[in-house]
């Protein structure tokens, strides 16, 4: 491991402290939102939201946040970890279903309005909860914590920035080794291994390496196919650090591209750059999408652009806001989004170019800083 | 990559064909179950269940299985992939929410009884569906497909056996390199990289490397802590191949263990071996759990055994059946379960030993074949 990697490891250890120190202000912002919506308690079941609001990163837990108290229910496997990682909550170890324990606790508080995350809680989880607190009004409050998460605090931005730097560094290293005969799945393994050596916890999602005709599948996995001469290859990768993801796509061509492929690449790159320029505070998300789509339609390529332009990036690799048609959410400083137009032509292949971008006070900062011009590998 | 790895890659490419060829018999078994429960249609939302019943491995889709027809709804990103991978279903490409498209399709069939997976469908997904098919009776049918998945067919067993062999081979290689000064997270990265080189798709779950006091956290992640002399280290790892997982834990000691640590290890090993001996057809899952617990109580260690003895392993790393107290499900040939007693003593550390085990016609076959005697690394 080189010097840079050690530095990153050091930085990433620092941000553990940073992260839990942000918990009180996040709980405070949540309580403001709860008061506005007249919720006495919010039951949080999504592990990412529990991490955000308490610092606990176990895969199983239920948090209940009240206007004045906060409790985290965990089973005995997680008691020590919860006590070590969490802030601003009382940890309760329970030896029965967590929802049932949370329900019992709520009953004793004679509470009326309890919010739950209807976009995460399953139908059977809801039935369990309802059996326990028959007298409370359970109110669908999905997206409440996600609304808070839309604007990142500086602890979160630090993590995503580092994850973006690792992602860019790893692809830059791997790009130097590309040649026909390499296996897609071995390249994906190499990418994820190097992320770890650079101090990441791993890959935020399964790395995509899709070559030749497979590059026309926008969500192909890496397969046992070998790279060949004269093929497009899409790499979609992102490191995860302290729970925070980055997301980046680069497309390369092995050999000498045809004029048609060159035009395709130039069109997608122009669309992506114009879309990034459109990213700034108070711009509607739909306008960024429209910008990318309009650039492609100028080349009659918009019908091959079969997905939306981007999505929020943070604890989830896909989160709010969506950069999609007619999406009216306004960007704010602290939003982090992917910008990733692509065109996919059956039989020929696909081109997608993506960066993770932070909305700043005056515009946008690219968090996955890596050239998009060195795409021809001959 | 050595010769063995190439062989495994070859085998794993073979099982792609094997897997889709099992789809018709899985759909047939499901239809028998549906007829018994008087369901006209089953709406399947869990991607693992969709893969099991159709062969499609995309992350987003909705399958609707009727007694005579089957449809898979996907968005345009997944159309090509769905057509290539699936069997026994008509692929419908839709450009609006998949649940809404599935609901519309169901209305036209004037159906009465539609099952849905209440353990997977979220409250908000259910509301969406209910809006679309107000006249149908939506029946909570969670666990129906999981019940089928409890007994693996030979295509599935092949995948888990290969995943188990890769898992054992990788740990055996990494064990040879263990010494004080290595970083937990680097070891986890090394393990997952080697899984890929052996032909696995990756890790079935985040590899646990927990040393020293951290080994007393049953679900610790790998951290930036360095291994030290005279520490217990728990490794919990599992490769995934064609979507199927294996699960294995080994504990080692770096240096010369105290008598207390030696007794701890011997007790857990005995409990695990006795529990594996208890695995056979027609045995209740609770009896396997009881066997492990009784062995530990003979050493007054049962109070440190804070989780259940095991769980089903397959498309999910945790699935039916649970090997837990009072669990009455009977094991059948084709069930695959983990057997993993552990003891966790705050301040001292933990010992867990785990294998993935197949229930055969006459007993059990260990699918993660690797010695448990070489645990002292000095």
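Details
- Exposure proxy order (Cβ contacts within 10 Å, fewest to most) of B:129, A:178: A:178, B:129
- Contact order relative to length of chain B, as percent, for alpha carbon pairs under 8 angstrom and 6 or more apart: 15 percent
- Angle in degrees between helix B:285-297 and the longest Cα principal axis of chain B, rounded to the nearest 10: 20 degrees
- Peptide B:190-202 has a mean of 4 when you count, residue by residue, the C-beta atoms of other protein chains within 10 Å of its C-beta.
- When you restrict to C-alpha pairs under 8 Å that are six or more residues apart and normalise by the size of region A:112-152, the relative contact order lands at 57 percent.
- When each of A:22, A:41, A:253 is scored by the number of other beta-carbon atoms lying within 10 Å, the sequence from fewest to most is A:22, A:253, A:41.
- Per residue, the convex hull spanned by the alpha carbons of chain A comes to 146 Å³.
- The listed peptides B:272-284, A:330-342, ordered by packing as a protection proxy, come out as A:330-342, B:272-284 (highest mean of other Cβ atoms within 10 Å first).
- For region A:154-377: span of alpha carbons on each principal axis (Å, largest first): 46, 43, 23
- DSSP finds beta bridges in the protein assembly as shown, and of those with both partners inside it, around 75 percent are antiparallel.
- Expressed as a fraction of 2.2 N^0.38 Å, the C-alpha radius of gyration for region A:23-149 is 0.94.
- In chain A, the longest principal axis of the Cα atoms and the axis of helix A:259-278 are about 40 degrees apart.
- Spatial separation of Cα centroids for region A:171-188 and region A:302-366, in angstrom: 25 Å
- A Gaussian network model of chain A, with springs between Cα atoms under 10 Å, assigns the largest mean-square fluctuation among A:360, A:306, A:291 to A:306.
- Region B:102-131-region A:92-132 distance, computed between alpha-carbon centres (Å): 24 Å
- Structural descriptor for region B:23-149: relative contact order 25 percent, calculated from alpha carbon pairs under 8 angstrom and at least 6 residues apart.
- Packing rank of A:115-122, B:63-70, B:170-177, where each peptide gets the mean count of other beta carbons within 10 Å, highest leading: A:115-122, B:63-70, B:170-177
- Antiparallel DSSP beta bridges within chain A, percent to nearest 5: 75 percent
- Both the radius of gyration and Dmax for the protein assembly as shown are 25.7, 77 Å, in that order, over alpha-carbon atoms.
- Shielding by partners - mean other protein chain Cβ count within 10 Å, residues of B:52-64: 1
- Equivalent-ellipsoid semi-axes for region B:166-206 (Cα gyration tensor, √(5λ), whole Å, largest first): 18, 12, 7.
- Rounded to 10°, Cα long-axis angle of helix A:98-108 versus longest principal axis of chain A: 40 degrees
- Residues B:20, A:154 arranged by fewest to most Cβ contacts within 10 Å: A:154, B:20
- Average beta carbon contacts from partner chains per residue of A:116-128, 10 Å cutoff: 5
Values in this text are rule-based calculations from the coordinates and carry no lab data. Model, not experiment: these values are computed from the prediction. Cβ sites come from the backbone with ideal geometry, for glycine too, and all protein chains shown count toward neighbours.
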